[in-house]
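The values are calculated or read from the model by the stated rules, or taken from the named source; none is laboratory data. As the structure is a prediction and not an experimental result, all values here were calculated from the model. All Cβ positions, even for glycine, are placed from backbone atoms using ideal geometry, and neighbour counts span all protein chains on display. Side chains included, ligands, DNA and RNA excluded: accessible areas come from the protein's heavy atoms. Shrake-Rupley method; radii C 1.70, N 1.55, O 1.52, S 1.80 Å.
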Amino acid sequence: MKLCDDGAVWKWLDEFRGKDFTGEWPTVVELFDITTKRYPDNNSFIAMSPKTEVFTYTQAHEKISRFGNWLVSQGVRKGDRVGVSGKNSPEWAIAYLGILYSGAIVVPLDYALHDDEMEKLIDFAGLKGLCIDKERINAVGKQVEFKISLEGDDSDHPFILDCQEAEELSRVKAVETDTAAILFTSGTTGTPKGVMLSHKNLVSDCFMAQTQMTIYSTDVFYAILPIHHAYTMLAVFVESFSVGASCIFGKRLVISQVLKELKDGHVTMFLGVPMLFNKMIAALMKGVRKKGILVYGVVRMMMGLSGLLKKQFGKNIGKKLFKPLLAQLSLAENRICICGGGPLPPSTFRMFNELGIDFVQGYGLTEASPITHLNPIYHFVLTSVGRSFPLEEVKIVDPDEDGNGLIYVKGPNTMQGYYHNEEATKEVLSDDGWLNTGDVGHIGADKFLYLTGRAKNIIVTEGGKNVFPEEIEDHFQLYDEIDTICVIGYMLNKETKSEGIRALIYPDQKYVKEIMDTHPDDGGDIIGKRMEGIVSEVNKELQSYKKIERITVVDEPLPMTSTKKVKRFLVRKQYQD
């Protein structure tokens, strides 16, 4: 499919314009209504563990609209805020959409937050009600008017599927320019901010992303990353129901269970983060190596040929050629893999494509709903995070001699602002709609974007060079002995504020166990020397001013976000000089 600058991807909406919606874009509620009309008998929301649950669009629509009516019966009105938090599940999806059906604003909350952290956000958002898994329903939300359990067998609180009001109660419905969701994001930067996204933000971003790849009503999406996060919420949840596709909700990010659900669920659309895809491809190639150098050489040669034919001539022979290998990754039925949430090594990107998978790398941020760039499956660039969308503008501000500068974006997917934080909004969002992403990079040919790193993470070396930690960290992604690495600066000269480069390394615990089991007396020294050896190998690939000068091997996992990014501000605080 070619890029449709004229909006042909969403042209079909015209059939429903004026009847099912009246704005430029349908609201999220109107979009789900339209899909239910188009694909009433398609499966919408599916759970495979711990028990199988399947809702067709008709069944889901009934549950959602009835729950929306129930919320109205409880006094929920347009502009009220109702939270949802819990493990990925069809009930989470029903709660999310039911809140919107009531006319209210949905506030997804990170289930991994500590009770006091969640309570702080609940109070700040002024939530009227809260939908949450039963195991935490008594621990948080002390001030809300009502609580709904997302799981059954909770005698103290109503179960969401039992909160069914059949009567269509009067309400003021939201329009496309109204706030649909408030997403709290701490990312890797510290204090959480409530990103206000309108119905238009979410729906426009959903369809603009489809200009870079075709998705079908027969597709099966897999929601394994936390669904409160903008990436999964939009790119899996909203994308799936925009076209009448199915969405399987995975609860645990455990490789063995992921592979089982990918296979048993016949998943065709798999979205993940770099860590997940790196581990999958590393395990696969390790298995091929065990078959001997000859087999490994032949497989890699055939992969190279497959990649060449796919890239240059659009011929995908890899899907059939490497079907047994793809079956080992439970990707034999997969059409597209999408990677977001951080930089991906070009080698991982390349190998998945060589195996016949249409592998897409993207870029975005919560404040942009969140996707701003995707690599088209028909014309991808390994070193780029993708090309921008129609209806979207991108510019580079204050570029350096290499053309790298702050990335600004503007479009219908740009947030409304931060909830109750006008000062923070003005810092990143101009009066004419330009959003400062905080990331640094440059734009190449054909609107492709190339990332360098985040502006606030820059390390200024003694020679006055700017170094982005992300560029260095990328070199370590395929070393199995390392679980997590975080590159930070340490002060060399307080007067000049020049810094040296330091690496904090948390070794892979399986590797640590193997070494300690076989070398109980000096295992620690062996592990330390191996980490130093890896850093030396990487340093040889780096320019002189980017070389790591100090190494610290840590015993505890580094603090991470729900999408497996290191919380760099906490690491700096913990390991400051």
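Rounded to whole Å and ordered largest first, report the semi-axes of the equivalent ellipsoid of region 453-577 derived from its Cα gyration tensor (root of 5λ).
Gyration-tensor ellipsoid for region 453-577: 26, 16, 14 Å.
At 20 °C and 1.002 mPa s, what whole-number value in µm²/s does Stokes-Einstein give for the translational diffusion of region 178-283, with Rh from the Kirkwood sum over Cα pairs?
142 µm²/s
Hey, any idea what Rg/Rh is for region 388-527, computing Rh the Kirkwood way over Cα pairs?
Looking at region 388-527, the ratio lands at 1.11.
Given the options 184, 102, 141, identify the residue whose Cα lies farthest towards the positive end of the charge dipole of region 83-225 (+1 on Cβ of Lys, Arg; -1 on Cβ of Asp, Glu).
So the residue we want is 184.
Using the structure shown, list the pairs from 465/540; 513/567; 128/565 with a Cα-Cα distance above 29 Å, or answer none.
Result: 128/565 exceed 29 Å.
Averaging the inverse of every distinct alpha carbon separation and then flipping it gives the Kirkwood radius. What is it for region 435-486, in angstrom units?
In region 435-486 this quantity evaluates to 12.9 Å.
Once every Cα of region 27-98 carries one equal point scatterer and solvent is ignored, give the base-10 log of I(q)/I(0) from the Debye formula at q = 0.13, 0.14, 0.18 Å⁻¹, two decimals.
For the requested q values the scattering log ratios are -0.40, -0.47, -0.75.
Considering only protein heavy atoms and a probe of 1.4 Å, how much of the accessible area of region 274-386 is carbon and sulfur, as a whole percent?
Within region 274-386, the accessible surface is 66 percent carbon and sulfur.
From the phi angles alone, apply the Karplus equation (6.51, -1.76, 1.60; θ = phi - 60°) to region 66-71 and give each ³J(HN,Hα) in whole Hz, x where the residue is Gly or Pro.
So the J values, rounded to whole Hz, are 5, 5, x, 4, 4, 4.
May I ask for the Kirkwood hydrodynamic radius of region 342-465, worked out over all distinct Cα pairs and given in angstroms to one decimal?
After inverting the mean inverse Cα-Cα distance, the result is 15.6 Å.
Using only the Cα atoms of region 193-241, build the gyration tensor, take square roots of its eigenvalues as a ≥ b ≥ c, and label the shape rounded, prolate or oblate: rounded if a/c is under 1.5, else prolate if a/b is larger than b/c, else oblate.
oblate
Taking Cα atoms, how many degrees apart are the long axis of helix 28-38 and the longest axis of the chain, rounded to 10 and kept between 0 and 90?
80 degrees
Compute the Rg to Rh ratio over region 225-339 from the alpha carbon atoms, using the Kirkwood formula for Rh, and round to two decimal places.
1.00
Viscosity 0.890 mPa s, temperature 25 °C: what is the translational diffusion coefficient of the chain from Stokes-Einstein with a Kirkwood Rh over Cα pairs, rounded to a whole number of µm²/s?
98 µm²/s
So between residue 115 and residue 20, what do we pick up on full extension, going 0.36 nm a residue minus the alpha carbon distance?
Between residue 115 and residue 20, full extension yields an extra 30.1 nm.
Compute the helix-to-body angle for 255-264: its Cα long axis versus the longest principal axis of the chain, expressed 0 to 90° and rounded to tens.
Long axis of 255-264 versus the principal axis of the chain: about 50 degrees.
Would you compute, from DSSP H runs of 4+ residues alone, the mean residue ellipticity of the chain at 222 nm, taking -39500 (n - 2.57) per run and dividing by the full residue count, rounded to the nearest 500?
Calculated mean residue ellipticity at 222 nm is -9500 deg cm²/dmol.
Quick check: net charge around residue 393, other residues with Cβ under 12 Å of its Cβ, Lys/Arg +1 and Asp/Glu -1?
So the environment of residue 393 carries a net charge of +1.
Once you keep just the Cα pairs under 8 angstrom separated by 6 or more residues, what percentage relative contact order results for region 364-454?
Once divided by the residue count of region 364-454, the mean separation gives 29 percent.
Want the number for residue 123 to residue 490: 0.36 nm per residue separation, take away the alpha-carbon distance, what's left?
Full extension of this stretch gives 128.4 nm more.
Any chance you could tell me what percent of the C-alpha pair distances in region 286-410 go past 16 Å?
Summing the P(r) tail past 16 Å for region 286-410 gives 67 percent.
Once Rh for region 529-577 is found with the Kirkwood sum over Cα pairs, what is the Stokes-Einstein diffusion coefficient at 37 °C and 0.692 mPa s, in µm²/s?
Calculated translational D: 258 µm²/s.
In terms of modelled amide H atoms, which long-range or inter-chain residues lie less than 5 Å from the amide H of residue 338?
Here 270, 271, 272, 360 satisfy the definition.
By how many degrees, 0 to 90 and rounded to 10, does the Cα axis of helix 509-518 deviate from the longest principal axis of the chain?
40 degrees
Counting Lys and Arg as +1 and Asp and Glu as -1, what is the net charge of the other residues whose Cβ lies under 9 Å from the Cβ of residue 224?
Result for the neighbourhood of residue 224: +1.
Which whole-number value in Å² is the accessible area per residue of the chain, probe 1.4 Å?
That works out to 43 Å² for each residue.
Semi-axes of the equivalent ellipsoid for region 1-146, please: Cα gyration tensor eigenvalues, times 5, square-rooted, ordered largest first, whole Å.
They are 30, 19, 16 Å, listed largest first.
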